Amino acid sequence: MRLTRAVYDQIRAHGEQTYPNECCGALLGVSTPEGWQIQAAVPAANARTDSAHNRYQIAPIELVKIEREARRRGLGIAGFYHSHPDHPAQWSLTDLSEAHWLGCCYVITAVVGGKATATNSFILAGETEEEKHFEQETIVVDHPG
């Protein structure tokens, strides 16, 4: 996946802002033969009130609004991002069980003591819900100019 420095920094800053809770949002972009080209990150409210420090959920009505905005801009939902406060930037079994957008990116930023550290991306691969799995992918950050 490719994204601009501004989008990359925005994702990481969102994790720092919501610490010690998880942040979440959607990634808008276009699919290319080389993978997703991310054009924008759209912050979302974490709808999890029971355990926002280690779970996230984007409310369905908010997701519909994000999808409409993507279409208006000629983009698609390329994936989602969230933070792992005081935990590694690796997917969890909960992340996998709650991921349903096959072919999309799932970006995770570790936020340790309020500061973003590692950021990793995983593509949700597989043809069906039963065989879905995460595969780590490289994040290419385009620098301006």
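Before moving on, here are some points about what is shown:
- Neighbourhood charge, 13 Å Cβ-Cβ cut-off, centred on ASP86 and excluding it, Lys, Arg +1 and Asp, Glu -1: -1
- Sorted on the mean count of surrounding Cβ atoms within 10 Å across their residues, most packed first, peptides 27-36, 95-104 read 27-36, 95-104.
- Under the convention that each Lys and Arg Cβ holds +1 and each Asp and Glu Cβ holds -1, the size of the dipole of the chain around its Cα centre is about 600 debye.
- Carbon and sulfur %, accessible surface of the chain computed with the full protein complex present, 1.4 Å: 53
- Around the amide H of HIS53, modelled in the peptide plane, lie the amide H atoms of GLU22, all under 5 Å away and 5 or more residues distant in sequence or on another chain.
- Here the gap between ARG5 and ALA59, fully extended at 0.36 nm per residue and compared with their Cα-Cα distance, gives a gain of 16.7 nm.
- Global form of the range 1-69, assessed from the alpha-carbon gyration tensor, a/c cut-off 1.5: oblate
- Computed label-point distance, nm, for sites ALA45 and SER97 using a 7 Å Cα→Cβ extension: 2.6
- Each of GLN57, LEU75, ALA47 was scored by the projection of its Cα onto the charge dipole of the range 34-112, and the greatest displacement toward the positive side belongs to LEU75; charges sit on the C-beta of Lys, Arg, Asp and Glu.
- Its residue count N fixes a reference of 2.2 N^0.38 Å for the chain, and the Cα radius of gyration divided by that reference is 0.97.
- Calculated from backbone phi, Karplus (6.51, -1.76, 1.60) coupling profile of the range 77-88 in Hz, x at Gly/Pro: 6, 8, x, 9, 10, 7, 10, 10, x, 6, 9, x
- Shown in residue order for the range 56-62 are the 3J(HN,Hα) couplings computed by the Karplus curve 6.51 cos²θ - 1.76 cosθ + 1.60 at θ = phi - 60°: 9, 7, 9, 4, x, 5, 5 Hz (x for Gly and Pro).
- Secondary-structure-derived ellipticity at 222 nm for the chain, considering helices only, amounts to -6500 deg cm²/dmol, per-run term -39500 (n - 2.57) for DSSP H runs with n ≥ 4.
- Per residue accessible area in Å² of the chain, where ligands, DNA and RNA are left out and the probe is 1.4 Å: 51
- Amide H contacts under 5 Å for VAL107: PHE80, TYR81, HIS82, PHE122, restricted to partners 5 or more places along the chain or on a different chain, H placed in the peptide plane at 1.01 Å from N.
- Taken along its three principal axes, the alpha carbon spread of the range 54-122 comes to 37, 24, 21 Å, from the longest extent down to the shortest.
- Charge tally in the Cβ shell below 10 Å around LYS115, where Lys, Arg are +1 and Asp, Glu are -1, LYS115 excluded: 0
- Dipole moment magnitude, nearest 20 debye, the range 29-77 about Cα centre, only Lys, Arg, Asp, Glu C-beta charged: 160
The values are calculated or read from the model by the stated rules, or taken from the named source; none is laboratory data. Computed from a prediction, not measured in an experiment: that's the story for all the values here. In this analysis, Cβ positions are derived from the backbone assuming ideal geometry, glycine residues included, and neighbour counts consider all displayed protein chains. The area values use the complete protein model at the heavy-atom level, side chains included, leaving out ligands, DNA and RNA. Shrake-Rupley method; radii C 1.70, N 1.55, O 1.52, S 1.80 Å.
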